[in-house]
Amino acid sequence: MQENQDIKGFTILELLVVIAIVAVVSAMGFPNFMSWKTDREIRLATEKVSSMITNINTQVKRGNFLYVQLQIEPNSVNETNFTTKGIYKDTYVNILYNPKEKIECKIQNSKYWDEHKVETTSKNVAVHFDADSSVCFSKDGSKFLKEGKLKSNINILINGEEKADYLILCAPRNAEKTGNKCAVDPRKVGKPSYGKPSYLVLWTRFGTVKKYKWSGSDWNLQ
């Protein structure tokens, strides 16, 4: 039986055309992929910080700690460290009834805090300040304290309401445009100038948290 000799392969020109088409399609899709990747990194960091606040306050409600802290350390334009800490009942009572001491939201790793690394993580994100800061919680909300830049948070509009207890997270490349910090825009009239992607963690004195994403015109609840 004679084999079919009329079998043709791709010519070099046809292969070059296919490669060129693939390259063009890839180039068109790459910016969208990078945008999605950056947004995902900021969103996951926001979810982690929210989870850390919830977890440490759950331990307060269970009586494991009487006083807890979330410490935020922007150690470079590309990375921020987040750490939760706790004080046990005996230590808390000793501080409370010692005339030489008082309950504070101290930014330090030892001595004051019984557990100075309950949970810790580093994320490739920027925040809206450039110095170590912290927020502290107690079971009844009476010792809701802040230290560092969080202590001087300006009021911003979130769904038409002014809020001051928040943390903004954004992409490091956007932070480079505003002094290595995420933009904070307090204006009540006109379009605020938050970069995208930007996320926000909002908390109360009782440790309840909400997460928001900047849409370009408002903070949308996630």
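The numbers here are math on the coordinates, done by the rules we state, and not lab data. Being a predicted model, the structure only gives us computed values, none of them experimental. We place every Cβ from the backbone using ideal geometry, glycine too, and count neighbours over all the protein chains shown.
Couple of notes before you dig in:
- Residues Ser35, Ser152, ranked from the fewest to the most other C-beta atoms within 10 Å, line up as Ser152, Ser35.
- Long-range tail of P(r) for the range 35-221 (Cα pairs > 22 Å, %): 44
- Which of Val201, Val17, Val135, positive extreme of dipole for the chain (C-beta unit charges): Val135
- Given charges at Cβ of Lys, Arg, Asp, Glu: the chain dipole, positive-most of Ile56, Tyr88, Thr38: Tyr88
- Leu202, Leu15 arranged by Cβ crowding within 10 Å, fewest neighbours leading: Leu15, Leu202
- Within the range 65-100, the trypsin sites (Lys or Arg not before Pro) that combine a DSSP coil assignment with at most 12 other C-beta atoms in a 10 angstrom radius are Lys100.
- Lys, Arg +1 and Asp, Glu -1 on Cβ, resulting dipole of the range 126-222 about Cα centre, debye, nearest 20: 120
- Pairs beyond 27 Å (Cα-Cα), from Lys181/Lys210; Lys37/Lys143; Lys111/Lys210; Lys85/Lys149: Lys37/Lys143; Lys111/Lys210
- 10 Å Cβ shell holding at most 10 others, DSSP loop, chymotrypsin sites (Phe, Trp or Tyr not before Pro): longest site-free stretch of the chain: 98-222
- P(r) tail, the range 96-164: Cα-Cα pairs separated by more than 13 Å, 77% of all pairs.
- Asn55 versus Asn180: modelled label distance in nm, points set 7 Å from Cα along the beta carbon direction: 2.8
- Near Ser198, the amide H atoms lying under 5 Å from its own belong to Trp214; only residues 5 or more places off or on other chains count, and H is placed 1.01 Å from N.
- In terms of surrounding Cβ atoms within a 10 Å radius of their Cβ, Asp130, Asp140 rank from fewest to most as Asp140, Asp130.
- Tilt relative to the chain, helix 12-61 - C-alpha long axis, 0 to 90 degrees, to 10: 10
- Pairwise label distance in nanometres, Ala131 with Arg205, each label 7 Å out on the Cα-Cβ vector: 2.5
- Segment Glu162-Asn124, length gained on full extension (0.36 nm per residue, minus Cα span): 10.8 nm
- For the chain, averaging the sequence separation of C-alpha pairs within contact (under 8 Å, six or more residues apart) and dividing by the residue count gives a relative contact order of 19 percent.
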